[in-house]
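First the structure, in the form of structure tokens, and then the observations on it.
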Amino acid sequence: MSAAPVLTPTLRILPETAADRAEVEALVLAAFGPGRFAKTAERLREAAPLSTAFVAREDGRLVGSVRLWSITIDGVEALFLGPIAVAEDARRGGLGADLITACIGEAQHRSASGILLVGDLAYFSRFGFQPSPDVRLPGPADPRRILWLNITRMAPTGEVRPA
């Protein structure tokens, strides 16, 4: 008697392409709902140019995405991370961490000054993100959730603007 072959899913993190955009938008909407459109971070992303983005596909199915946007903080060029979205049935497997790691690698490759995001310190501190209370977003945001990851420059201070 022979055992049946065990098939394991193939997960790949790839650069986002124009063909991925509709699927990414649907995934982000499913993850965050329409309330995301009221957030300051979304206003900033609407105005900032997309720098790079990644998607995660499991056996061809989109299960995750993350984007980096070009911003300046008081004239210092930086990257703004988000949103990170993972399909509900793909959570708890470390995919979000893999997507963040891809962004950090890209920022290091580009020698970016750093990465800014609005998020939960308890989650993002494991990647090296720290509170950046002297950075001001163009709208209301909880200053405790404004986080910075230094790549080549200590956290700048001042206003965040699209690059």
Exercise. For region 50-124, which trypsin sites (Lys or Arg not before Pro) are in a loop by DSSP, counting at most 16 other Cβ atoms within 10 Å?
Worked result: ARG91, ARG92, ARG110
For this session: Using a 10 Å cut-off on Cβ atoms, rank the peptides 98-106, 79-87 from the highest mean neighbour count down.
Result: 79-87, 98-106
For this session: Treating each Cα of region 55-163 as an identical point scatterer and ignoring solvent, apply the Debye formula and state log10 I(q)/I(0) at q = 0.13, 0.17 Å⁻¹.
Result: -0.47, -0.78
Exercise. So how long is each side of region 1-131 along the principal axes, counting just the alpha-carbon atoms, biggest first, in Å?
Worked result: 69, 30, 30
Exercise. Mind checking the dipole of region 55-163: about its Cα centre, +1 per Lys or Arg Cβ, -1 per Asp or Glu Cβ, Debye to the nearest 20?
Worked result: 60 debye
Exercise. Which residue, chosen from GLY82, GLY93, PRO133, occupies the Cα position most advanced towards the positive end of the dipole of region 82-155, where the dipole is computed from +1 (Lys, Arg) and -1 (Asp, Glu) charges on Cβ about the Cα centre?
Worked result: PRO133
Seminar exercise, completed: Residue by residue through region 115-121, the couplings from Karplus 6.51 cos²θ - 1.76 cosθ + 1.60 with θ = phi - 60°, in Hz, x for Gly and Pro, are 10, 10, 8, 10, x, 8, 4
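Read-outs: derived from the displayed coordinates by stated rules, not from any lab. Quick caveat, the model's predicted, so the values are computed rather than measured. Note: ideal-geometry Cβ built from the backbone for every residue, glycine included; neighbour counts use all protein chains shown.
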